[in-house]
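First the structure, in the form of structure tokens, and then the observations on it.
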Amino acid sequence: VAHHYLGSAYAIKGNFSEALAEYQKARQLNPDDPHVVALLARLYAVSGKRDEALRTLAQLKSMARERYVADYSMALVYAGLGEKEHAFSLLEKSYREHTVDMLTLHYDPLIDSLRSDPRFTDLLRRVGLPLATGNTTQNGTASQSRIRRNRASDFYPLSEFGNHVCA
């Protein structure tokens, strides 16, 4: 897990070669982790290696035929490829299925390319996550002073998840 988080930090900073090295280490340690495969595909996409991204996405889809692959992970790949319709379709599916991944939506920088779309704000609202109520900063995220807090428990009732979700 540490390698995939470090890889994501490098990817966010635009240090793609370092990100690739960390993601590859993560995959070596856990070759069956579909989220790591998704992170690799997204990295290839955002670094301009579309063909490699599509090959890796095909591997991810193949994995999905045999085991669970989070729609949120797939959405990251499509967001990286610039295919917003596919990304939002998968995020909507995650929303309908109440997947816990949706709780990261408001802060996950790997999905920043979708933030300017009104559908993203609508998803945040429906999930019950922080909403931007005004202008955003240069990178498209809401400034802290302009965020209204909602209750995630409105989307994920505590009765469904015990004490794992905080209101």
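The values are calculated or read from the model by the stated rules, or taken from the named source; none is laboratory data. Predicted model only: the values in this text are computed from it and were never measured. Ideal geometry is used to build each Cβ from the backbone, glycine not excepted, and the neighbour counts take in all protein chains shown.
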With the first residue restricted to the range 7-34 and required to be over 22 Å from ALA70 (Cβ atoms), and the second required to be hydroxyl-bearing (Ser, Thr, Tyr), Cβ contacts under 6 Å at 6 or more apart or on different chains are PHE16/SER47; GLU18/TYR10
Quick check: anything in the range 50-57 in contact (Cβ under 8 Å) with a residue 60 or more places away in the chain and under 16 Å from the mean Cα position of the chain (by Cα)? no
Determine if the range 53-72 includes at least one residue that is under 19 Å from ILE111 (Cβ atoms) and of a type in the set (Asp, Glu). yes
Take residues that are in contact with a Pro (Cβ under 6 Å, 6 or more places away or on another chain) and tell me which of the helices (runs of 4 or more DSSP H) falling wholly in the range 22-118 contain 3 or more. none
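Which is more than 22 Å from GLU83 (Cβ to Cβ), of a type in the set (Gly, Ala, Ser) and surrounded by 14 or more Cβ atoms within 10 Å (Cβ to Cβ), of ALA21, ALA53?
Sole residue among the options that is more than 22 Å from GLU83 (Cβ to Cβ), of a type in the set (Gly, Ala, Ser) and surrounded by 14 or more Cβ atoms within 10 Å (Cβ to Cβ): ALA21.
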Test THR56 against the stated conditions and say whether it is modelled with pLDDT of 95 or more and β-branched (Val, Ile, Thr). yes
Reported set for the range 71-102 where residues are over 10 Å from the mean Cα position of the chain (by Cα), farther than 20 Å from ARG55 by Cα and among the aliphatic types (A, V, I, L, M) is VAL100
